[in-house]
């Protein structure tokens, strides 16, 4: 499922979730860019200047946690998570729906566990600091776990209540993309 859905025809909740997904994607992109830069800096410092960049590893861990928690929520929304769709397609439609709702129920429980235990972990480690950084608390790093769980919970609610609308919007989006591709192909053929 595409994370961007046509704004005019979608329910308000779906439009809000589009914005939440976009924010999560921005967090993930920033995390990847920062991790890449930090790891590159650490390697350069170690091999060329023979001294380690002591801040590179803890900051990379910080960005890895952010990427994992918010990226997994986006993967669930885009239905890019690991699933065995082949078996769902082989069973009658009723059992397929039951399987979808079972997955949603499990993800709902996982999201609640992430919120509860992630909050507990963040609270427990809130006043611990990294040796390399006195200002960054370990609890701040782990606050991405309940944050990602909350976003995942919102996406589960979206799937449960707007599954049919999302499927229709995805089909409309796919048809629109195919039409654009056909027009682009026709233009290219005319120019050659």
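What follows draws every value from the coordinates through simple rules; no lab data is involved. If you're wondering where the values come from, they're calculated on a predicted model, not measured in any experiment. Positions of Cβ are backbone-derived with ideal geometry, glycine not excepted, and every protein chain shown enters the neighbour counts.
Please provide three numbers in whole Å: the alpha-carbon extents of the stretch 19-100 along the principal axes, with the largest listed first.
Its Cα atoms span 64, 27, 14 Å along the three principal axes.
Percent of Cα-Cα pairs per 10 Å bin, from 0 to the last occupied bin, for the stretch 93-192, please list those.
14, 23, 20, 17, 16, 8, 1
Using helices alone, what [θ] at 222 nm do you get for the chain, with -39,500 (n - 2.57) per DSSP H run of 4 or more residues, divided over all residues and rounded to the nearest 500?
After summing the helix terms and dividing by residue count, I get -27500 deg cm²/dmol.
Please work out the FRET efficiency for the pair residue 23 and residue 187, using the Cβ-Cβ distance as r and a Förster radius of 25 Å; give the result to the nearest 0.05. Don't skip to the end; give the middle numbers.
Details: r = 35 Å, r/R0 = 1.41.
Taking R0 as 25 Å, the efficiency between residue 23 and residue 187 is 0.10.
Kirkwood hydrodynamic radius, the stretch 87-144, all distinct C-alpha pairs: what's the number in Å?
13.9
Helix 144-191: angle to the longest alpha-carbon principal axis of the chain, degrees 0 to 90, nearest 10?
60
Given a 10 angstrom Cα cut-off, can you work out which residue in 18, 104, 135 is the most mobile in a GNM of the chain?
Of 18, 104, 135, the Gaussian network model singles out 135 as fluctuating most.
Which residue, 98, 32, 110, tops the fluctuation ranking in a GNM of the chain built on C-alpha contacts under 10 Å?
98
Using Cα pairs under 8 angstrom and six or more residues apart, how large is the relative contact order of the chain, in percent?
25 percent.
Over all distinct Cα pairs, what is the inverse of the mean 1/r for the chain, reported as the Kirkwood hydrodynamic radius in Å?
Working: mean 1/r = 0.0513 Å⁻¹.
One decimal place: 19.5 Å for the Kirkwood radius.
Could you identify which residue out of 78, 102, 177 has the top mean-square fluctuation in a GNM of the chain using Cα springs shorter than 10 Å?
Result: 177 has the largest fluctuation of those listed.
In nm, to one decimal, how far is the modelled label at residue 128 from the one at residue 15, with both set 7 Å along Cα→Cβ?
For the pair residue 128/residue 15, the computed spacing is 4.4 nm.
Taking 0.36 nm per residue of sequence separation and subtracting the Cα-Cα distance, how much length would be gained by fully extending the chain between residue 95 and residue 45, in nm to one decimal?
Computed gain between residue 95 and residue 45 is 12.3 nm.
Nearest 10 degrees is fine. How inclined is helix 12-48 to the longest principal axis of the chain, computing both from alpha carbons?
Tilt of helix 12-48: around 40 degrees.
Ranked by Cβ crowding within 10 angstrom, fewest neighbours first, how are 114, 51, 45 ordered? Write out the running numbers ahead of the final one.
Values: 114 23, 51 8, 45 15.
Least to most surrounded, the residues fall as 51, 45, 114.
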